[in-house]
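J.: Dumping the structure here so I can ask a few things about it.
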Amino acid sequence: MSDFAVELRNVVKTFQTPEGGSVNAVDHVDMGIKHGEFFSMLGSSGCGKTTSLRMVAGFEWPTDGEVYIEDQPQGHRPPFQRPVNTVFQNYALFQHMTVAQNVAFGLEMDKTPANEIKRRVDEALAMVKLGGMGKRAPRQLSGGQQQRIALARALVKRPKVLLLDEPLGALDLKLRKEMQMELKTLQREVGITFIFVTHDQEEALTMSDRIAVMSHGKVLQVGAPVEIYERPNCKFVADFIGDTNFLEGQIRAINENRITVFVPKLNNEIIGMGDGKFKTGDQVVISIRPEKIRLSEQSTLNQNCIEVKISNSAYIGSDTRLEVNANGVKLKVWEQNHISTLDPRAYHQSDQQAWVTLFPENALVLPAE
Ligand SMILES: Nc1ncnc2c1ncn2[C@@H]1O[C@H](COP(=O)(O)OP(=O)(O)OP(=O)(O)O)[C@@H](O)[C@H]1O
Ligand SMILES: [Mg+2]
């Protein structure tokens, strides 16, 4: 048996559009989701997340390639023959049935004995903290509680894999944050593999063991949250996840993973870090996150130290978010406010002259594309 609960191998999904063209909603995707993993697909609207999930569920079939579940190729198997269950964004609860009847529905379809249904429904409702609410109608519950019924209804069938398509999308921010924690805890407790779709990067970072970042039907990078944020493999991922600064330039020299880049707009060489795929003369971008830039009154005498003028300063409590101008190039710099004081001198202000240091280990060299 492989490590994977679900695997997409070279999967393509082409749709014919009413305009007479065709679109690859999913474009040669390879992706392996490990047993017991909380795996997220993250990307902006239209990048192919729902289509990928629907092919795992069996609501769509690949135009090319194959979906494997527990090492079995799924071919044209219908959804009810797959050991997976889906929680949809709009919950799709039956309004004329009670909470308990909603949860029991799938088991009744399977002709599960009545006493076992009762036991499993109670168990599933307890799991999502709705024990004792079985007799209510869905409309007598809050949005977050309705969301939990949808979860209970999927969990009661004991799927090997649970597919969740933006399940928290309809909730307000506070409830959404609470449910993120609960869902993550629940996943750990039940040990089921979760494939979670979201376009919210913070949600993906907080909840996932691993994330697949998608764009235009392709998977650009798969990795743990820390890898995706600290070692993005391309400009798109660096830009999409979190905030960053880009400096365009050309490689002048390579010394193992230390790469010297000439940045014309700064008329300066900046040393960054990169992997082995580059050669001298390549067009590249340096990506450096705002919280990783050091701002000081004096030069640090480091090669990557540049004189700047602070053009904007916004105190936001935990941080001060600054914009600095280096020879016409604007950089975002975030300073953590780790001293509690009212003294304005403790905070950098607009119009001050200062120096920024871009430590090479924080300056990632990426292909310009
Ligand atoms: N049945 C269909 N017929 C034609 N095109 C489709 C169909 N379903 C999806 N598409 C197209 O495929 C692409 C991917 O759609 P998909 O629903 O997978 O995106 P998504 O990543 O889930 O987006 P969102 O975040 O908005 O839900 C889009 O360009 C969409 O217009
Ligand atoms: Mg979608």
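The values are calculated or read from the model by the stated rules, or taken from the named source; none is laboratory data. The structure presented is a predicted model; accordingly, all values stated were derived computationally and were not measured. Please note: Cβ atoms are built from the backbone with ideal geometry, for glycine as well, and neighbour counts cover all protein chains shown.
J.: Please return the ranges of strands (runs of 3 or more DSSP E) entirely within the range 1-117 where 2 or more residues are assigned by TED's automatic domain parsing to the domain that holds Met127, within 16 Å of ligand 1 (Cβ to nearest atom) and at pLDDT 95 or above. Working first, answer last.
T.: Numbers: elements: 4-16, 22-34, 38-42, 64-69, 84-87.
Passing ranges, in order: 4-16, 22-34, 38-42, 64-69.
J.: Report yes if some residue within the range 248-256 is in contact (Cβ under 8 Å) with a residue 60 or more places away in the chain and surrounded by 14 or more Cβ atoms within 10 Å (Cβ to Cβ); otherwise report no.
T.: Taking the range 248-256 as the starting set, the residues that turn out to be in contact (Cβ under 8 Å) with a residue 60 or more places away in the chain are 248, 251.
Checking the rest, the ones that are also surrounded by 14 or more Cβ atoms within 10 Å (Cβ to Cβ) come to 248, 251.
Among the residues of the range 248-256, at least one is in contact (Cβ under 8 Å) with a residue 60 or more places away in the chain and surrounded by 14 or more Cβ atoms within 10 Å (Cβ to Cβ), which makes the answer yes.
J.: Further, regarding this structure: Which one of Arg139, Arg148 is assigned to a helix (DSSP H, G or I) and touching a Leu at 6+ places or on another chain (Cβ under 6 Å)?
T.: On the way: Arg139 fails: touching a Leu at 6+ places or on another chain (Cβ under 6 Å).
One residue alone meets the criteria, Arg148.
J.: Let me ask something else. Within the range 154-188, how many residues turn out to be outside any loop (DSSP other than H, G, I, E, B), among the aliphatic types (A, V, I, L, M) and more than 16 Å from ligand 1 (Cβ to nearest atom)?
T.: Quick first cut of the range 154-188, residues outside any loop (DSSP other than H, G, I, E, B) only: 154-155, 161-165, 173-188.
The next check asks that each one be among the aliphatic types (A, V, I, L, M); those that pass are 154-155, 161-164, 173, 175, 179, 181, 183, 186.
Next cut, more than 16 Å from ligand 1 (Cβ to nearest atom) only: 154-155, 161-162, 173, 175, 179, 181, 183, 186.
Of the residues in that region, 10 qualify.
J.: So, one more: Which members of the range 277-318 meet the condition of being out of contact with any strand residue (DSSP E or B) (no Cβ under 7 Å at 6 or more places or on another chain) and surrounded by 11 or more Cβ atoms within 10 Å (Cβ to Cβ)?
T.: Passing the criteria: Arg289, Lys292, Tyr315.
J.: Ok, one more. How many residues, within the range 338-369, are farther than 21 Å from Thr300 by Cβ and either part of a loop (DSSP other than H, G, I, E, B) or modelled with pLDDT under 95 (or both)?
T.: Count: 9.
J.: Then there's this: Residues that are among the small types (Gly, Ala, Ser), in contact with a Ser or Thr (Cβ under 9 Å, 6 or more places away or on another chain) and at pLDDT 95 or above: does the range 167-178 have at least one? Break it down into steps so the answer makes sense when it comes.
T.: So the first thing to find is which residues in the range 167-178 are among the small types (Gly, Ala, Ser), and the list is 169-170.
With the extra rule that they be in contact with a Ser or Thr (Cβ under 9 Å, 6 or more places away or on another chain), the set shrinks to 169.
With the extra rule that they be at pLDDT 95 or above, the set shrinks to none.
No: zero hits.
J.: Just checking, which of Ile211, Ile192 is under 30 Å from Val6 (Cα atoms), at pLDDT below 95 and of a type in the set (Val, Ile, Thr)?
T.: On inspection, the qualifying residue turns out to be Ile192.
J.: Can you say whether Gly134 is of a type in the set (Gly, Ala, Ser) and under 27 Å from the mean Cα position of the chain (by Cα), as far as the supplied structure shows?
T.: On the way: of a type in the set (Gly, Ala, Ser): yes; under 27 Å from the mean Cα position of the chain (by Cα): no.
Considered against the rule, which asks whether it is of a type in the set (Gly, Ala, Ser) and under 27 Å from the mean Cα position of the chain (by Cα), Gly134 comes out as no.
J.: So which residues in the range 168-204 are farther than 21 Å from Ala224 by Cα and not aliphatic (A, V, I, L, M)?
T.: Across the range 168-204, the qualifying residues are Gly169, Asp172, Lys174, Arg176, Glu178.
J.: Do we have any residue at all in the range 229-247 that's over 14 Å from the mean Cα position of the chain (by Cα), without any contact (Cβ under 8 Å) to a residue 40 or more places away in the chain, surrounded by 18 or more Cβ atoms within 10 Å (Cβ to Cβ) and not assigned by TED's automatic domain parsing to the domain that holds Ser45?
T.: Within the range 229-247, none of the residues are over 14 Å from the mean Cα position of the chain (by Cα), without any contact (Cβ under 8 Å) to a residue 40 or more places away in the chain, surrounded by 18 or more Cβ atoms within 10 Å (Cβ to Cβ) and not assigned by TED's automatic domain parsing to the domain that holds Ser45.
J.: Here is a further query. Anything in the range 264-293 that is more than 30 Å from the chain's Cα centre (by Cα) and basic (Lys, Arg)? List them, or say none.
T.: Across the range 264-293, the qualifying residues are Lys265, Lys279.
J.: Next up: Looking only at the range 320-349, count how many residues are in contact with an Asp or Glu (Cβ under 9 Å, 6 or more places away or on another chain) and in contact (Cβ under 8 Å) with a residue 24 or more places away in the chain. Before the answer, list the steps.
T.: In the first step, residues of the range 320-349 are kept if they are in contact with an Asp or Glu (Cβ under 9 Å, 6 or more places away or on another chain); the result is 320-322, 326-327, 330-337, 347-348.
If we keep only those that are in contact (Cβ under 8 Å) with a residue 24 or more places away in the chain as well, we get 320-322, 326-327, 331-336, 347-348.
Looking only at that region, the number is 13.
J.: What's the total number of residues in the range 201-240 that are farther than 20 Å from Thr50 by Cα and β-branched (Val, Ile, Thr)?
T.: Count: 3.
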